[in-house]
Each structure stands twice: as C-alpha cells, then as structure tokens.
1. Which entries of 21/237; 51/425; 38/120; 276/318 have Cα-Cα distances beyond 25 Å here?
2. Give me the tail of P(r) for the stretch 331-427 as a percent: Cα-Cα pairs with distance above 15 Å.
3. Which whole-Hz ³J(HN,Hα) couplings does the stretch 209-215 yield from phi under the Karplus relation 6.51 cos²θ - 1.76 cosθ + 1.60, θ = phi - 60°, glycine and proline marked x?
4. Taking the square root of 5 times each eigenvalue of the Cα gyration tensor, what semi-axes in Å does the equivalent ellipsoid of the stretch 148-289 have, largest first?
5. Over the stretch 84-129, what relative contact order in percent results from Cα pairs under 8 Å that are six or more residues apart?
6. Where a ≥ b ≥ c are the square roots of the eigenvalues of the C-alpha gyration tensor, would you call the stretch 58-193 rounded, which needs a/c under 1.5, or, failing that, prolate if a/b is larger than b/c, or oblate?
7. May I ask for the distance between the Cα centers of the stretch 170-201 and the stretch 1-66, given as a whole number of Å?
8. Using the Karplus curve 6.51 cos²θ - 1.76 cosθ + 1.60 with θ = phi - 60°, work out ³J(HN,Hα) for each residue of the stretch 438-451 in order, rounded to whole Hz, and write x for Gly and Pro.
Amino acid sequence: MATTLLRPDQTFYPSPRLAAKAPVETLAYMVTFDPARKEPDGLVTVDVDPKSKGFGKQIGRVDAPNVGDEFHHFGWNVCSSSLCPYAAHPHLERRYLLVPGLRSSRIYVFDVKPDPKHPKLVHTIEAREIADRAGYSRPHTIHCGPDGIYVSALGNPDGDAPGGVFVIDHDTFAVKGRWELDRGPQKLAYDFWWHLGYDTAITSEWGTPKMVEGGVNPEILLAGEYGHKIHIWDLPKRRHRQEIDLGKEYQMVLELRPAHDPSKAYGFVGVVTSLKDLSASIWTWYLDGSSYKIEKVIDIPAEPADPEVLPPLLQGFKAVPPLVSDINLSLDDRWLYVSAWGTGEFLQFDVSDPFKPKKTGSVHLGGIVRKAAHQTSGPLNGGPQMVELSRDGKRAYLTNSLYASWDEQFYPEGIKSWAALINAKPEGGLSLDGGFFTTFQQRTHQIHLEAGDASSDSYCYS
C-alpha cells in the first residue's frame, strides 16, 4: 500500500531549522465526532489559505463507515524522522493519515495524495488486531518514528492497566506488536515522545479506559489515583529506565513536548490540575548527568467563581480550574503555547530559558464561566483545547472539544464546536486579527496541517 520514492519526500526536513522555512500551509485536516454516537465521525479538510474566498471554511469531509468511534488524536504515517541515519524507511512518502477511534479502538487509514482536499479511506485496523497482536485497546496518540508508526494506548482490551505503546508497520499498516520489552513499574499511559539524539523515550500518564471513559471520577481524582508520573525509556532497547513522580497532588500528567533540537535533552509536560488549589502547571524535564529530573516552571491559578454559575462537579470548589489540556512548542524551541480549556485562556510563553518562562501573550475564547467571544461571534463555550502550530511558528490553530464524557461534565449545556486561527507575532504576543473563526456541526478535536506542523515531526539533526 505504501509508495516508495526515488528520493526522500520533499516535505521531510533533516532539522527543525530547515522545516521552519517550509512552504506555508494552505490546507488543514481536522477530526470531528458525534458525541451522541448516532452519526459517523469525520475527517474534515479546511481551507487555510488567507488568499482564498473559502479561508477558514470546510471544503471536504469523509465519514467513517461506523458510528461511535470518537475520533481523537491522529497523525501521519511517516515524517522527517525518516531522514535519521538509522531509519528503516527513508523513501516513503507522507500521504496517509491514521485516525484512531478512542471508543471503538479501530484505526482508519486515509490517503490524501490522489485528492488532498478529499481524502479517501483505504484501510481499517480493527480492534481485534490491536488486541491480539499488542494486547492493547483505546489507541490515543499517533507518532511517526524512524522504524514504524508508534501508537499510545490507554489500556488493555478489558479497559484495565497496563496501557502502553504499540507499533504499526510503515508499509502494510499491520500491527507489529507491543513496543515495551520491559515496562518496569509503568502501568498508566497517555502520551509518548522521544529525544532521538539521546536514544531516549518519554511517556506520560492519564488513566485506564475504566477510569476516564465515564468522565472525571471524583473519588479517583481526590485520592490522587490519576496519572502523576512520567517514565524514561531506553528507546532502541525498549526498556524502562526511570520513573519520575510529580506527586499525587498533580493529577493527569498529559501532553509531552520535547525540544525539537535533537542535541537538547529537555522538554515540557502539562499537568491538568492540582488537588491543592485546582491550579494547572507546566514542568520541564531535563537530563542531569546520567538521569533525568523534573522541575515545575509555570503555575496557572484557578479563578474564583460563584457556585451558581459552575457545573455541579465544580460547585463545591467555588472556582474555575484552568484545566490545561494541551501544550505545543514552536520549532525553534522558543515559544510554548498552553490551552487552558476550563478558563478559556490561550497563553504564550517565551521559553528561551526553559527553566524561566516569561508570559508574552494571552487571548480568551469561551471558558466555563467567562464564555469569552471571538470578535466575530457571540458568547462561546468550550475553550482552547488542542493546539497546532505552523512550522514557521506564525499561526496557531485551536479546537474546543476535549472528550465527550468530559465535555458534558464541564460544559453541561452542551458544546457548540468551533475552530479558530490565531496569529503569533514574531516579537511575542497573540492576535485574533487576520485569523478565522468557524463553527462546525460535529465536535472538533484536533487539527494537523498539510506537509507537517510543529507536533507532527521529529528530527535527527540540528
């Protein structure tokens, strides 16, 4: 099924510095889902060419053949990591998007090459294949690696621990098997990334399917039993090396964003909430000698609120938590973007010094209480959730739905879904001017950009 080229795909770049000079994107791909599970989820194509009359609008859509998948995170089949000196497949092309169903455990493979505006479903990996060959279910995040397509999974087929990572073949899309040879103490799973220059992988923690699929469980949360650790692995040997515990106070250690420069061994991870005061936080992990350490570098406080305007889950706290649900790092490793889904704030930090971030920009869209409007809309709900950055670092794309059962708890009035483009100023700062704001019938979750973006690729050269 995969296509072999005579030379590497021209959307691959050996370094983040060169990738930042890539042509500006004109198309974006976005997954949407039906929270009622009555209509098929879809892969939507969005026109992101500011010179186009359809700027910011949907120009294509392909439906899944089933209902109830709940499309979530997705990713490319191959990317710039194929240019690493030990890559097994340097001459494949970036043409397939793999879209997991977080509820169904299926993975759909869409071909975007024949007609980029109208992708075509060409293959389906069924839940049974993932369970039989890897022992996992609920595929969550896709990352294209040098030797295969890596997929994190939340748990086993029964919805319990352990969660982990499995690998899909670049050529056939067959499930190769479980990635871990020795998982050590690791049980919970969420995100997975790496430092290719250091043969190191990092994983984070959320909860098992039984812990998250029904929404936030207050008993589990207050007992500090959601994920609060990151794990360090030997990437080529596929063995656990180190566990770093942030402490039970820090619940749901989610999105990992390592430095794009492969000569640097540090990165950022977002923590959804603190049991002490409902604040969210950003931490920097880093290599210190032969082991890794972690340090909290950003606190984002909760905002006091009248209990009468809060959803039942939060009324006893009398505050709106930021609920940091996504972060993203520009290719030059200078700008960190943070989505505070609960308060509706989207933040920019200068992280030139990864241990001393400086807040440089902020806009509000939606929020549990604030319901901040875009300049072209009325009051909004939901909030900045998944964020994707253009490779030149000038544009941030946002969607506003997190996960159906969690949406209902924090936005019980229902979420009217939207996607927005926010422009990032070269000197720092954020602007809604010149961007777009578009509503969609189904809930929007994640966007990826044609030919790659700030969270699609990893690199082996500086």
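Throughout, read-outs are computed from the coordinates displayed, never taken from laboratory work. Computed from a prediction, not measured in an experiment: that's the story for all the values here.
1. Working: 21/237 34 Å; 51/425 19 Å; 38/120 22 Å; 276/318 14 Å.
Beyond 25 Å: 21/237.
2. On the way: 2759 of 4656 pairs.
Across the stretch 331-427, Cα pairs with separations above 15 Å total 59 percent.
3. Coupling constants for the stretch 209-215: x, 5, 7, 10, 5, x, x Hz.
4. On the way: eigenvalues 121, 82, 29 Å².
Value: 25, 20, 12 Å, ordered largest first.
5. Working: 59 pairs, mean separation 13.2, N = 46.
Taking the mean separation of contacting Cα pairs over the length of the stretch 84-129, I get 29 percent.
6. Working: a/c = 2.09, a/b = 1.20, b/c = 1.75.
It is oblate, given that a/c is not under 1.5 and a/b is not larger than b/c.
7. Between the Cα centre of the stretch 170-201 and that of the stretch 1-66, the gap is 25 Å.
8. My calculation for the stretch 438-451 gives 9, 9, 9, 5, 8, 6, 8, 10, 9, 10, 10, 9, 4, 6 Hz in order.
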